[in-house]
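S.K.: Dropping a structure here in structure tokens format, bear with me for questions.
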Amino acid sequence: MTETLHSDELVIGAGLSGLMYGITAVTEGRSVIISEAHHKVGGYATNFYRNKRKFLFDCSQHKVTGLNKDSGNLWNALDRLGLQSLIDEFHFYSELTTVVYKSNFITIPSHPEHIKEALISHFPAEIWGIEKLFEDILTYGYQHYMFSRMLMNEYTLNKDLLRESRLLSKLTTREYYKQLFKGDDIIEVLSSIAIYLGAISHEVNAFYFLHFLYATFYGGQAYVKGTGQRISDILLKEFVDRGGQILKKNPVYEIENMGGYMLAKTKKKRIEAERIIATCSPNDVVTMLGREKVENNFLKVLDQFQIGWGHFCVYAVTSVPPDELGLIGSEYLLVSDTGDYFTEDDFQRDVYYDLLTLSVTNYHKIDSSGGYIIQFIILDHGDKWFSLSEEEYNDRKEKVQEKITQRVYKTFPKLEGNLVYIESSTPKTNYRFTLSTQGSAFAYKVLPKTHLGMLNNFPEEKIKLVSSWVSGPGYESAMCFGFTQALLLNTQKSLKHV
């Protein structure tokens, strides 16, 4: 007979949201079980080895925002949880990135004032728009960034900003930039940064993007040596040490309201819990519960959202240190000479692989212990991959890998002939190892007039949606949302802000 476990809370998924929720809840005195479908925790914050553990590859984004002591929400959350050991693991970047556009290498520093100075230096005719952008970041962007703190009565809403905030939420970021700047060049350079959000400037809404720019420019950008898996492993250890229970290789198949408690049927156990915290996509929660048991009004809300972008990633190893082949910095964003705007026809004809921002990361500079690692990442979508036969899939994968690699060679010609190992992943690979709907790496698209807050009111009161599907994409967003929701849903509130 299948064993039945009992817990105050069951968290579905041991990604960063689930781990942060679990740590916070057990610290608040709750009993918590986290059920994870895979053999390791972290979701996208994981890694893998090749060549008898000689090469270490990161599966996730390598920039984490919010680590500034005075202004970062993530630093605040980790500090309140007593996770100084994790805070100490982060290293700050000396520069945000280098944008390569029309053969110009434009270095974006990490300090906000230096970012502004660099932009004015490269685009002196755009000084008014640059000043206005930073003004908007420090007002509308900051207020959006502080929303989670407002929920905990630690930030007072500035109502004077609400009208303009609503207007900004109806614009795409590209439309917003068009209002600020005279020419297209600065727009293409700034639009490239959207890749960190898994977004494209002609899709993502301007209000949300200003929040992201505040987090990126002012919150403090950092990385952890040992890849994103290091973050996940530290959080898991803290969760278990504080009394939490983790079940790996244990996907949840069904959930049911039994009246006084929720019953989850998993691969290994039956779990009875007062409340279920779902960090998977809301679409998956509906499937687990049974679509016929979910109110039609919520289903209509859910159908309004578009599944976000995944990515195509090329993992490569160079024959010599990458800096000897021209990759002096830690990262480069390669921008098409015509920018990243593309049409539906461009998408259908795969032209977007030539147009979208392409990230080239020198992981060896971030952490030399992993080998001479470089990675190329471009946004991609599951719609292009899931319907293919195995033969079609492999053929497409090989062609896209070659297209992306050749595009990198145009900027860094010394790489050609010096890649000793190469493989790639697709949105379908993403799904295999995360079970994220359609292989999305960035949850739902945050489009104009998109309000993720509508997902907070799941019709089954014993189920709470706690993930970047509800909070918006990004490491900081996912971790802070898990922390905040655990405090709001539990009563002791012992983790007060000092």
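Every read-out reported here was derived from the displayed coordinates using simple, explicitly stated rules and does not represent laboratory data. Nothing here was measured: the structure is a model prediction, and the numbers come from that model. Glycine also receives a Cβ, built like all others from the backbone with ideal geometry; neighbour counts cover every protein chain displayed.
S.K.: Report the relative contact order of segment 94-220, percent, no decimals, based on alpha-carbon pairs under 8 angstrom and at least 6 residues apart.
M.R.: On the way: 141 pairs, mean separation 37.7, N = 127.
Reported relative contact order: 30 percent.
S.K.: For the charge dipole of the chain, defined by +1 on Lys and Arg C-beta atoms and -1 on Asp and Glu C-beta atoms about the Cα centroid, which residue among 107, 209, 439 has the Cα displaced farthest towards the positive pole?
M.R.: Farthest towards the positive end: 439.
S.K.: Would you mind checking the pairs 397/445; 265/449; 225/267 and listing those with alpha carbons more than 29 angstrom apart?
M.R.: Details: 397/445 24 Å; 265/449 37 Å; 225/267 34 Å.
Going by Cα-Cα distance, 265/449; 225/267 fall outside the 29 Å limit.
S.K.: Starting from 0 in steps of 10 Å, tell me what percent of the Cα-Cα pairs of segment 94-220 lands in each bin.
M.R.: 12, 45, 33, 8, 1
S.K.: Which of 253, 218 has the fewest other C-beta atoms within 10 Å, and how do the rest follow up to the most? Walk me through the intermediate numbers first.
M.R.: Numbers: 253 10, 218 23.
Fewest-to-most Cβ neighbours within 10 Å comes out as 253, 218.
S.K.: Right, next: Spin-label point model (7 Å from Cα, Cβ direction): what's the residue 338 to residue 253 distance in nm?
M.R.: 5.1 nm
S.K.: Can you tell me the dipole magnitude for the chain around its Cα centre, using point charges on the Cβ only (Lys, Arg +1; Asp, Glu -1), in Debye to the nearest 20?
M.R.: Dipole about the Cα centre, nearest 20: 1060 debye.
S.K.: State the antiparallel share, in %, of DSSP beta bridges confined to the chain, rounding to the nearest 5.
M.R.: Numbers: 48 of 71 bridges.
Taking every DSSP beta bridge with both residues in the chain, the antiparallel ones total about 70 percent.
S.K.: Ok, one more. How big is the dipole moment of segment 308-443 about its Cα centre under a simple scheme where the beta carbon of each Lys and Arg is +1, that of each Asp and Glu is -1, and everything else is neutral? Debye, nearest 20, please.
M.R.: Details: 12 positive and 21 negative charges, 56 e Å.
Its charge dipole is roughly 280 debye.
S.K.: Can you find, among 419, 387, 56, the residue sitting farthest towards the positive end of the charge dipole of the chain, where Lys and Arg contribute +1 and Asp and Glu -1 at Cβ?
M.R.: 56
S.K.: Separation between the residue 347 and residue 159 pseudo-spin-labels, each 7 Å from Cα along Cα→Cβ, expressed in nm?
M.R.: 4.0 nm
S.K.: Also, quick follow-up: Please work out the Cα convex hull volume for the chain and give it in Å³ per residue.
M.R.: On the way: hull volume 76.5 nm³, N = 498.
Per residue, the Cα convex hull of the chain comes to 154 Å³.
S.K.: I'd like the distance separating the alpha-carbon centroids of segment 156-223 and segment 1-77, in whole Å.
M.R.: Cα centroid of segment 156-223 versus Cα centroid of segment 1-77: 28 Å apart.
S.K.: Normalising by the residue count of the chain, find the relative contact order in percent from Cα pairs under 8 Å and 6+ residues apart. Walk me through the intermediate numbers first.
M.R.: Numbers: 992 pairs, mean separation 122.8, N = 498.
Reported relative contact order: 25 percent.
S.K.: Applying 1/(1 + (r/R0)^6) with R0 = 35 Å to the Cβ-Cβ distance of residue 167 and residue 51, what FRET efficiency is obtained, to the nearest 0.05?
M.R.: After rounding, the FRET efficiency stands at 0.10.
S.K.: Expressed as a whole number of Å, what is the distance separating the alpha-carbon centroids of segment 257-320 and segment 340-400?
M.R.: When both Cα centres are located, 26 Å separates them.
S.K.: Further question: In what sequence do 108, 87 fall when counting other Cβ within 10 Å, fewest first?
M.R.: Working: 108 22, 87 15.
Fewest-to-most Cβ neighbours within 10 Å comes out as 87, 108.
S.K.: Can you give the charge dipole size of segment 94-220 about its Cα centre, rounded to the nearest 20 debye, using +1 on the beta carbon of Lys and Arg and -1 on the beta carbon of Asp and Glu?
M.R.: Numbers: 11 positive and 15 negative charges, 73 e Å.
Value, rounded to 20: 360 debye.
S.K.: While we're here: Using the Karplus equation 6.51 cos²θ - 1.76 cosθ + 1.60 (θ = phi - 60°), what ³J(HN,Hα) coupling, rounded to whole Hz, does each residue of segment 82-92 give in order, writing x for Gly and Pro?
M.R.: 3J(HN,Hα) across segment 82-92, in whole Hz: x, 9, 4, 4, 6, 3, 5, 6, 7, 10, 7.
S.K.: Okay, moving on. So which of 52/269; 384/410; 237/403; 40/63; 63/399 end up more than 30 Å apart by C-alpha?
M.R.: Violating the 30 Å limit, Cα to Cα: 52/269; 237/403.
S.K.: On to the next question. Looking at 147, 22, 32, which one has the Cα that reaches farthest to the positive end of the dipole of the chain (charges on Cβ: Lys, Arg +1; Asp, Glu -1)?
M.R.: Working it through, the farthest residue towards the positive pole turns out to be 32.
S.K.: Find the all-direction average of the projected area of the Cα convex hull for segment 308-443, expressing the result in square nanometres with one decimal place.
M.R.: Numbers: hull surface 34.4 nm².
Hull-based average projected area comes out at 8.6 nm².
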